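This report concerns only the one structure given below.
The values are calculated or read from the model by the stated rules, or taken from the named source; none is laboratory data. In this text, all values refer to a predicted model and were calculated from it rather than measured experimentally. Positions of Cβ are generated from backbone atoms using ideal geometry, with glycine treated the same way; all protein chains shown enter the neighbour counts. SASA here: full protein model, heavy atoms, side chains in, ligands and nucleic acids out. Shrake-Rupley method; radii C 1.70, N 1.55, O 1.52, S 1.80 Å.
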Amino acid sequence: MDIYLYVEADTPLHRLDPRAKMLMLLALLLMAVAVDHPVLPGGLFLLVLVLAHVGRAWRSLRRVRTLLFIIGVFSTVTWSLFARGETPLFGPVQVEALLYGIGTGFKLVSTIAGSVVFLATTKNEEIATGLIRIGVPYPVAFAFSTALRLVPTFVGAGVTIIQAQKSRGLDVESGGFFQRLRKHLPLMVPVFAAAIRSTNQLAMALEAKGFGARPVRTYYLHLEFRPADWITAATGAALVVTALYLRLFSDALRIPGLIR
Amino acid sequence: MKELLTMWRHTRMIILVALTAAVYAAVLIPFKAIPLIPGITEIRVAQIIPPVASLLFGPAAAWGTAIGNLIGDLFGTFGPGSFFGFIGNFFLGFIPYALWGRLGFLSSGQEPAMRNSRQVVEFVAVVLVSAVACAVIIAWGLEVLGLLPFAVLGNIITLNNFIFPAIVGPILLGLLYGRVKRWGLLWTQIMPAEDISTGRGTVGTGLAIVGSFGAYVLGNWISISGGALPFAAGFGQFGDPAVVGKASLVWALAPFMLALLLALFLCRPRTDLAASAERGMAA
Amino acid sequence: MERADLTEAAQLASVDGNWAIKADGVSFTYSGAGRKALDGLNLAIRAGEFTVIAGASGAGKSTFCYCCNGLIPHFVRGQLDGDVRVFGRSTGSSKINQLAQDVGLVFQDFEAQLFSTNVELEVAFGPENFALPREEIRRRVRESLATVGLTGLERREPATLSGGQKQRLAIASVLAMEPRVIVMDEPTTDLDPVGKEGVFRVARQLRERAEFTMVVAEHETEEAIGADRVVVLDGGRIVADGSPRAVLARADWLEELGVQPLGAAQVLARLGEPVALTVEEAAARLADRGYRIDPASAARQDAAEAARAAGYGEVVLEARDLAYTYPNGVAALSGANLSVRRGEFVAVVGQNGSGKTTLVKHFNGLLAPTAGEVTVLGRPTTGQSVLQLGRSVGYVFQNPDHQIFAETVFDEVAFGPRNHGVPPGEVKERVAEALAAVGLAGRDREDPFAMTKGERQRVAVASVLATRPHVIVLDEPTTGLDYREQRRMMDLVRRLNEAGHTVIIVTHTMWVVAEYAHRTVVVKDGAIWLDGPTRAVMAREEELLAASLKPPQVVRLGNRLGRAFLSVAEAVRLLERPEAAGDAAPDDAAPGRAAGRGGRG
């Protein structure tokens, strides 16, 4: 089952070290929230689209386009109403609030799209290894990557359980509100039971593979920082500093007259 | 607190982290959400998992819920909120087991087997605290980043974390508790007593409750009156605009966030309630 | 570091003879269980030996496997007495994760032993834990994957592999630790024939490599023929221990213990002839001794089957030019035609992925045709909901654990009727009736979760029966059950058919098809490949093989003699020997049987 966003390809983005990409993603997140004016987040969004093209991530981005659209609109509308400004536009909305709303919309959309590009070009195991290399303890990273491995298994089990109970006449769509809620029990119990039943099996298999046999273990997946990774990481670091500067010490790209 | 770290020594607990995370993330895909107000907000079926898993698997559920939420984000909603999502969901899985039996007159003084109404009342209470704690952490975090107003997210997440688990959770837990106990997979059956922190945890419980509800009430008040009232009632009635609005909300809630953080260290789960349970694994 | 361990172990081994595994007076009781899973077991396995451990569920096979690598007593809780030594080293005083380098364990459930997000990392996982150098791990990954035939799939996600591939991946991941003993606990129970064959092929290949000691717990005896030694367990004790020929020859005795006997051996044993383990050997022996199929009995049988076929009622299910393409673009069915009459007992067989399950899921509306039409009781399924169709067609899913949720058996079985709006009084009546039908009468207050797999499967059947459908579809009703439970389940299904239900089973267990189904439909590559009376379909061995299906021994034996036997009893009934009187006593030529008795433990 194809539930993850990864796209198999060999592009410069795919070849980058996951740690370099993580730093770049962090930089993107910080840059996006550094200022209120929509110009910077909007620009970042365009940059993400360029990166999506380079990383051949269009397929994955298409999968979340509805979500991006809803989030963008929702945020614009919400902030137009929640924030205040000096220049009335229409009804209760001021120009500054609308600008802020659009800016926030772009902040969310650009960061989510940026993450999608990251996920489309980085394998699950690279993320896990990257996490270990930046200091996440091995058992935690192990639980993370095992969960990633098991998600498709439980999605499959969930689909089968729904079909099995439907075959026995379960109809989650009908009935009153409380009834509909309660009708999820025949679905949730088997899902839980499936997980619980496999606990001992998985734990035994884990012991049988020598988990924790040595204080230090080897990591088969080798990550190596190449020049391109250094350049990316350095750019990322510079952007992080810029973002912090813009946020904390600079008045550039603020929206004058915005109150919130 | 201690058990959150020592659990990583036990393979069964590590596996339970992975399983909780996988189920939490997986259920989001095949199970359709139930519309609450069609088109506006809906109930995530998956939200029933954290409290139920918490009372069964203890610290494994805290980590599992946090990791599972992160994996859910990897399907396409990973963003600046994911960091706070991780922490908020950690509390969602942490608070129910940490506060069970610690709520004074609300507590049943029994294991969470959901065999009588007192246990159900206590379940609803711990779910409410965890729901609010998770919501205020995420809502505060996104307010810090200036992405969404506290009142919007704080209330949606609270509702989502509370309604479905409170209504269906007791029945689900009732169907599972005895069976899991028989299989020897309750966390208190897996982890030896010396790996679990001891004490009454009164301060921790208090901090968790004050932290969540305090932040919820104050956050909503500032967010709504400081932002929403003026466009209906005119400007300036709160004086200096710099004190109202975002900055004030972020700083005003900071002590409550600190309280929640401290609760993580000072809460002391009850381990004596299921103590009669035999430590064992069924064939 | 590893070398040092090995030499130390080797020295110990030389003290304690050349035993790879030596169990002395081993008893084990799971905590909370009332009876001993192993009861005073003494078993010594020589290095390099290939031993098959046979026995029914609960005989102690898995428990013995867990003893070999220290899961008992270190992980599984319970009371252990006696001593297990692996190359002279006591498992009680060694850690599991240290023993893991000596003993590799492959489990039955292939889903629950894979941890990684790609194939290559899964194989590397064990060696990584032992902190081997990366270059060494690379070599091991390459070699292990080559051994199990998964080379080229290094970057695949395990979730995208077939069951058989997953199990072979599990074997590779164990091989990569380069253990000296490989223990497999029913590695093929959950697999389809192709998957099974793949695993057995790997096992045979490993066996030829002298460095491995292999212990395989199995309840399928056909693969035990190639073993050095067969040990039969019952109630935690050894009840037979000897060469495959000696042990497997005692077919009826094995069957009583709940171990599936070899059809060829059983036929010969019942005829009082010297033992034979393979079809060729048995066919030659029978021809030699002058056996032939009695034409009069065969004619009577044909007449009876023709009469049965003529007695079926109207068409209840029909698929016309049915095609189905999954949303992801995979075409699972292309132009399938099938019609089933009231009272039939049909087996739909085929490989995983052949489209057989896709086909039957159309009959209760779980899937809607992409093209073509499906009718149930004369009405097209399109436009009818699963809820409506469920009143006519009951569907029992493969894994009962995917549906069991209620606190009591009663509530579980009552779930369907309640959903259909049956009044409470009648629900009670229906539940009682359904439980009686599956042999669980009076157990309605029990917790279904605490029942055995076979009982849970019967609860699932009862929960469908309680909705009183005309047609019952059972998806893989015998998978994961041992031989005795498989028989009990299928006897139940036969009774349902005799009571008037139209029955469709989806399966790849060919002996079940031969013995129980009246009609067999073979699905291959999304189309109907063969369709006819079971006896006629079973006679077409080559076409079945093309669909990766292999009839059971007794059928193949019959085919050699000119008529497909559907069961051992039938073979014995049909075979006659006109010149029987003047022959020598068969026991003169039966050394195997004598050895079999001698080898009794």
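Look at the stretch C:356-366: the mean tally of other chain Cβ atoms within 10 Å of its residues' Cβ atoms is 1. Here the protein assembly as shown has an Rg and Dmax of 32.4, 121 Å, counting Cα atoms alone. The C-alpha atoms of chain C occupy a region whose extents along the principal axes are 76, 66, 50 Å, arranged from largest to smallest.
Under 18 Å from a point 7 Å along the Cα-to-Cβ line of A:VAL216: which residues of segment A:107-146 have their amide N that close? Those under the cut-off are A:132-139. At the residue level, A:TYR219 shows approximately 50 square angstrom of accessible surface with a 1.4 angstrom probe and all protein chains present. Solvent-accessible surface, computed for protein heavy atoms with a probe of 1.4 Å, shrinks by 20 Å² or more for the following residues of segment B:179-203 when the other protein chains are added to the isolated chain: B:ARG179, B:ARG182, B:TRP183, B:LEU185.
Taken over the Cα atoms of segment C:316-544, the convex hull encloses 119 Å³ per residue.
Taking amide H as placed 1.01 Å from N in the peptide plane, the amide H of C:ARG229 sits under 5 Å from that of C:PHE50, C:VAL52, each at least 5 places away or on another chain. Seen against the Cα atoms of chain A and their longest principal axis, helix A:18-34 is set at about 40 degrees.
From the residues A:MET31, B:SER223, B:PHE213, which one has its Cα farthest along the dipole of the protein assembly as shown in the positive direction, the dipole being from +1 and -1 charges on Cβ of Lys/Arg and Asp/Glu about the Cα centre? Of the listed residues, the answer is B:SER223. When you filter the trypsin sites (Lys or Arg not before Pro) in segment A:213-256 for DSSP loop state and at most 16 other Cβ atoms inside 10 Å of their Cβ, you are left with A:ARG254. Taking amide H as placed 1.01 Å from N in the peptide plane, the amide H of C:VAL506 sits under 5 Å from that of C:VAL348, C:LEU474, C:ASP475, C:GLU476, each at least 5 places away or on another chain. Note on surface exposure: C:THR63, B:THR202 rank B:THR202, C:THR63 by accessible area, highest first, 1.4 Å probe.
Ignoring the sites themselves, chain C has its longest run without trypsin sites (Lys or Arg not before Pro) in a DSSP loop having at most 11 other Cβ atoms within 10 Å at C:210-444. Apolar share of the accessible surface for segment B:2-266: 72 percent from carbon plus sulfur atoms, 1.4 Å probe. Normalised by residue count, segment B:1-126 yields a Cα convex hull volume of 136 Å³ per residue. The packing ranking, built from the mean of other Cβ atoms within 10 Å per residue, places the peptides C:463-470, A:174-181, B:156-163 in the order C:463-470, B:156-163, A:174-181, highest first. Taken per residue, the accessible surface of segment C:295-345 reaches 52 Å², heavy atoms only and a 1.4 Å probe. Full extension of the chain between C:THR382 and C:GLU433 gives 15.2 nm of extra length, using 0.36 nm per residue less the Cα-Cα distance.
In this rough spin-label picture, where each label sits 7 Å from Cα along the Cβ direction, the C:ALA44-C:ARG204 distance is 3.2 nm. Adding -39500 (n - 2.57) for every DSSP H run of four residues or longer, then dividing by how many residues the protein assembly as shown holds, sets the calculated 222 nm ellipticity at -16500 deg cm²/dmol. Based only on Cα atoms, what Rg/Rh ratio does segment A:13-104 have, Rh being taken as Kirkwood's radius? Rg/Rh for segment A:13-104 comes to 1.07.
Summed over both chains, the accessible area lost when A and B associate is about 6300 Å², using a 1.4 Å probe.
Using only side-chain charges placed at the Cβ, +1 for Lys and Arg and -1 for Asp and Glu, the dipole size of segment C:428-579 relative to its Cα centre rounds to 180 debye. Label positions at C:ARG308 and C:ARG418, each projected 7 Å from the Cα along the C-beta direction, are separated by 3.9 nm.
Chains A and C together bury roughly 5500 Å² of accessible area, counting both sides, with a 1.4 Å probe on protein heavy atoms only. Put a dot 7 Å past the Cα of C:TYR326, heading toward its Cβ, do the same for C:GLU446, and the two dots end up 3.6 nm apart. Please label the shape of segment B:137-227 as rounded, prolate or oblate, based on the square roots a ≥ b ≥ c of the eigenvalues of the alpha-carbon gyration tensor (a/c under 1.5 means rounded; beyond that, a/b larger than b/c means prolate, else oblate). Judged from the Cα gyration tensor, segment B:137-227 comes out prolate (a/c at least 1.5, a/b above b/c). Extension gain, C:THR278 to C:GLU211, is 21.3 nm, computed as 0.36 nm per intervening residue step minus the present C-alpha separation. Pairwise Cα separations in segment C:165-224 fall into 10 Å bins from 0 onward with the following percentages, short to long: 21, 61, 18.
Projected onto the charge dipole of segment C:316-544 (+1 at Lys/Arg Cβ, -1 at Asp/Glu Cβ, origin at the Cα centre), which of C:MET510, C:PRO424, C:ASN328 gives the Cα projection farthest towards the positive end? Towards the positive end, the residue furthest out is C:PRO424. Taken per residue, the accessible surface of chain A reaches 40 Å², heavy atoms only and a 1.4 Å probe. Rolling a 1.4 angstrom probe over the protein heavy atoms with all chains in place gives segment C:134-235 an accessible area of 35 Å² per residue.
Rounded to the nearest 20 debye, the dipole magnitude of segment B:2-266 is 660 debye, with +1 charges on Lys and Arg beta carbons, -1 on Asp and Glu beta carbons, and the Cα centre as origin. For peptide C:120-129, the mean count of partner chain Cβ atoms within 10 Å of a residue's Cβ comes to 6. Once the partner protein chains are put back, segment A:8-54 shows a loss of at least 20 square angstrom of accessible area, versus the chain by itself, at A:LEU29, A:VAL33 (probe 1.4 Å, ligands and nucleic acids excluded).
Size of segment C:2-261: Rg and Dmax of its alpha carbons, in Å, are 17.7, 53. Accessible surface ranking for C:PHE565, A:PHE82, C:PHE200, 1.4 angstrom probe, highest first: A:PHE82, C:PHE200, C:PHE565. Within 10 Å of the Cβ of each residue in A:124-136, the mean number of Cβ atoms contributed by other protein chains is 2. Here, segment C:285-331 has an Rg and a Dmax of 21.8, 59 Å when only alpha carbons are counted. Projecting the Cα atoms of A:LEU89, A:THR242, A:ILE112 onto the charge dipole of chain A, computed from C-beta unit charges around the Cα centre, puts A:ILE112 farthest toward the positive end.
Apolar share of the accessible surface for segment C:2-261: 46 percent from carbon plus sulfur atoms, 1.4 Å probe. Near the amide H of C:LEU317, within less than 5 Å, lie the amide hydrogens of C:VAL340, C:LEU377, all on another chain or at least 5 residues away, with H placed in the peptide plane.
By a 1.4 Å probe calculation restricted to protein chains, C:GLU178 has an accessible surface near 70 Å², given to the nearest 10. Charge dipole (Cα centre; +1 on Lys/Arg Cβ, -1 on Asp/Glu Cβ; no other charges) of chain C amounts to roughly 480 debye. The translational diffusion coefficient of chain A, from Stokes-Einstein at 4 °C and 1.567 mPa s with a Kirkwood hydrodynamic radius over alpha carbon pairs, comes to 59 µm²/s. Once the Cβ-Cβ distance of C:ALA536 and A:LEU67 is raised to the sixth power relative to R0 = 56 Å, the FRET efficiency obtained is 0.50.
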